[in-house]
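Every number here is computed from the coordinates shown, using simple stated rules; none is lab data. Note that the coordinates shown come from a computational prediction; the quantities given were computed from them, not determined experimentally.
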Amino acid sequence: MFCPNCGTQNRDASRFCMKCGQPLPAALAPAAPTPSSNQSLLGRREVQIVLVIALAVIVVFVLIASSPTGGGGGTGGPPIGNIFSNIYTNV
């Protein structure tokens, strides 16, 4: 490889010119690492796991909210709407 600054011939693996010390073109633009197919599949797999967990949380929340006790833990207490209506009617 020849130095673009002074024209000195350098080894191909050199990052700097042996004579003038300027960076050689291969050193200026290192090749960007390309992700392997395993890495891209791993990212997709992680996204799928997160989506499944989020969906499960939503389903559990909907089931609890739609239960006959209103999510009161099975105590059989009145729904919250009735508590507030009792407060305002007794005032």
Work out from phi, with θ = phi - 60° and the Karplus expression 6.51 cos²θ - 1.76 cosθ + 1.60, the ³J(HN,Hα) of each residue of the range 8-17, listed in order in whole Hz, and give x for Gly and Pro. 6, 7, 10, 5, 5, 7, 5, 9, 10, 5
Cut-off under 5 Å, modelled amide H: who pairs with F16 long-range: L24
